[in-house]
Amino acid sequence: MNQKPVVITDFTNLAKQKWRIVNDDVMGGLSESYFQINPDGHAVFLGNISLKNNGGFASVRNQEPLNLFGFEAIRLKVKGDGNRYSFRLKPATDSSNPTYWYEHRFETKEDEWSEIKLPLDAFEATFRGRKPEDAPQLDLKNISHFGFLISDKQSGKFRLEINKIEAIA
């Protein structure tokens, strides 16, 4: 059975969506980021990464539940700046378990639109920037958050324009 792609978000109604910025300032860093909609109706995640005070990351996340069971990949349509980003998924957990994010990194081309396919079976667990060896497999039926991250000691200005996020079978 060949399912049609399911649009996770296309940013047409940002007021109903629950996007939130989380940067390295939560631990003393000085990075800044913003998330907005441009006149074309695309989301723009932009800002400046500072490595001062052991900083070096910026993220934006959406707290909307997703069930990705039966899908094979996430497809992004983005216009980048040449930096490397991560698309991240966080399963819902009870408070007794560590909060793992599962991420898939992708490269962007400066000022070029790209369609990027991220196989769900290639997402890797992370916990505070490290890859735990004992993390459970990603529970695709029970995703509580999804979003974007820039990290990996990439300092300076960044800008990622996002047209669409889809789940594909």
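Every number in this text was worked out from the coordinates using simple rules, so none of it is lab data. These numbers come from a predicted model, not from an experiment. As a convention, Cβ positions derive from the backbone with ideal geometry for all residues, glycine included, and neighbour counts pool all protein chains shown.
When mean projected area of the Cα convex hull in nm² is calculated for this entry, the matching label among (1) 10.1; (2) 9.4; (3) 11.7 is (1). Would you mind calculating the relative contact order of the chain from Cα pairs under 8 angstrom and at least 6 residues apart, reporting the percent as a whole number? This gives 35 percent for the chain.
Within the listed set 121, 134, 25, the residue fluctuating most in the Gaussian network model of the chain (springs between alpha-carbon atoms under 10 angstrom) is 134. Straight-line cross-link reach from residue 79 at under 17 Å between alpha-carbon atoms covers these lysines, not counting any fewer than eight positions away in the same chain: 109, 117, 157, 164.
A crude spin-label estimate for the pair residue 40 and residue 117, with each label 7 Å from Cα along the Cβ direction, gives 2.3 nm.
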